[in-house]
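Structure record follows, encoded as structure tokens.
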Amino acid sequence: MNPALATVHVHAGCFPEAEEAALLEALRTREVPARWLYANPAQVAAWRAIHRRYAPSAVEPAWVRAFDDAFATAAQRLGEATELSVIGLGCGDASKEIRLLGRLRSGGGFPAFLVVEGSLAMALTAAAAAAREAPQVETLPLVADLAGVGDLPATVDSLMGPAARIVTAFGLLPNLPGEVWLPGAAALLRPGDVLLGSANLLPPPGGRAAWEAILPQYDNPETRAWLGLFLRSLGILPEEGEWRWTAEPDPAKTAAGRIVARWIPGREIAIRLGAETLKWPAGEPVTLFRSWRHTPETLRALLARHGLEPERLWLAPGGDEALFLAGGRA
């Protein structure tokens, strides 16, 4: 990718008309999908700052080394491929994928890298980082809503062709129910391809104490300020309401549970979007954030339901994160 000029592909589900309809639905239901938290550069910058401070993959040296081991394992698996591509599903700023790309070299040269992100701001952040840190790699950004792209495999096939694939999903299981995106991810894999992903875990021994131990990773001033940027984009001051963080069961019963952040208006809020005016009643919660937590057992069971059996599983020293490598279907 030319660092001064980017060609971006945008799935029809992220065209302006579809975006407006999706945002209206989120505002009506007061259930905000995760991708709206990364919609503009200010949100992306705030999220990156939080990630650098709190994410185990950024602050725990032993866990950084585990990622490097996973990357080396994936590279070894596909080392004989004549053509190679990395497909980063929800790859954020692509910091992990860039480290993976540094380990890859196929028989035909350097791999291609497809960035798949739900917002233009995040897709360009990732693509620019890849162009800067791995200039030898051909990088292509794709803006697509991973919670609603039924034709994801066909879309990716049209862009990446027959090259062997390493599909990454390092930020999806924490932010989206596996049932929403895993079918599409599994369908991307052909025989010999691999999926590298991560999951947030409920640290042992589990129970209420474990939830209380991880809550500060979420309920902190930086995260509240980041989530508040979505409200500010609607002309709403976060100070006009209060935050409520809870640990609760997973409605789909596929994870150990989830952390949920809700904002509760202190007065009736009127929001004008296009020709419509929507109202949030005082005291009625607006769900802005969800983070699913697994155990190794729920993670394996979830992957198995979609035909994915982890060949390798790495656990963070504190037991609060997992990495997995699963192969394509025979």
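The values are calculated or read from the model by the stated rules, or taken from the named source; none is laboratory data. Quick caveat: nothing in here was measured; it's all calculated off a predicted structure. Cβ coordinates were reconstructed from backbone atoms using ideal geometry, including for glycine residues, and neighbour counts include every protein chain displayed.
If only residues of the range 105-120 that are touching a strand residue (DSSP E or B) at 6+ places or on another chain (Cβ under 6 Å) and over 16 Å from R132 (Cα atoms) are counted, the one that is modelled with the lowest pLDDT is S106. Scan the range 235-248 and give yes if some residue there is part of a loop (DSSP other than H, G, I, E, B), at pLDDT 95 or above and under 25 Å from the mean Cα position of the chain (by Cα), otherwise no. Looking through the range 235-248, none of the residues is part of a loop (DSSP other than H, G, I, E, B), at pLDDT 95 or above and under 25 Å from the mean Cα position of the chain (by Cα). Selection within the range 223-250: residues that are closer than 14 Å to I50 by Cα and free of Cβ contacts under 8 Å to residues at least 60 places away in the same chain. The member of this set that is surrounded by the most Cβ atoms within 10 Å (Cβ to Cβ) is G228.
Pairs meeting the criteria (first residue in the range 194-212 and of a type in the set (V, I, T), second residue part of a helix (DSSP H, G or I), beta carbons under 8 Å, at least 6 apart or on different chains) are V194/A74; V194/R77.
Candidates R208, R300, R305, R267: the one that is under 23 Å from Y54 (Cβ atoms) and not hydroxyl-bearing (S, T, Y) is R208. In summary, A255 fulfils each of the numbered conditions (1) under 20 Å from the mean Cα position of the chain (by Cα); (2) of a type in the set (A, V, I, L, M, F, W, C); (3) assigned to a strand (DSSP E or B); (4) within 29 Å of G228 (Cβ to Cβ) with the single exception of condition (3). Scanning the range 55-71 for residues that are buried (at least 16 other Cβ atoms within 10 Å of the Cβ) and part of a helix (DSSP H, G or I) yields a total of 7. Can you spot a residue in the range 212-222 that is surrounded by fewer than 22 Cβ atoms within 10 Å (Cβ to Cβ), in contact with a strand residue (DSSP E or B) (Cβ under 6 Å, 6 or more places away or on another chain), part of a strand (DSSP E or B) and of a type outside the set (A, V, I, L, M, F, W, C)? Looking through the range 212-222, none of the residues is surrounded by fewer than 22 Cβ atoms within 10 Å (Cβ to Cβ), in contact with a strand residue (DSSP E or B) (Cβ under 6 Å, 6 or more places away or on another chain), part of a strand (DSSP E or B) and of a type outside the set (A, V, I, L, M, F, W, C). Just one of the numbered conditions (1) at pLDDT below 95; (2) among the small types (G, A, S); (3) outside any helix (DSSP H, G or I); (4) more than 24 Å from the chain's Cα centre (by Cα) is not true of A270: (1).
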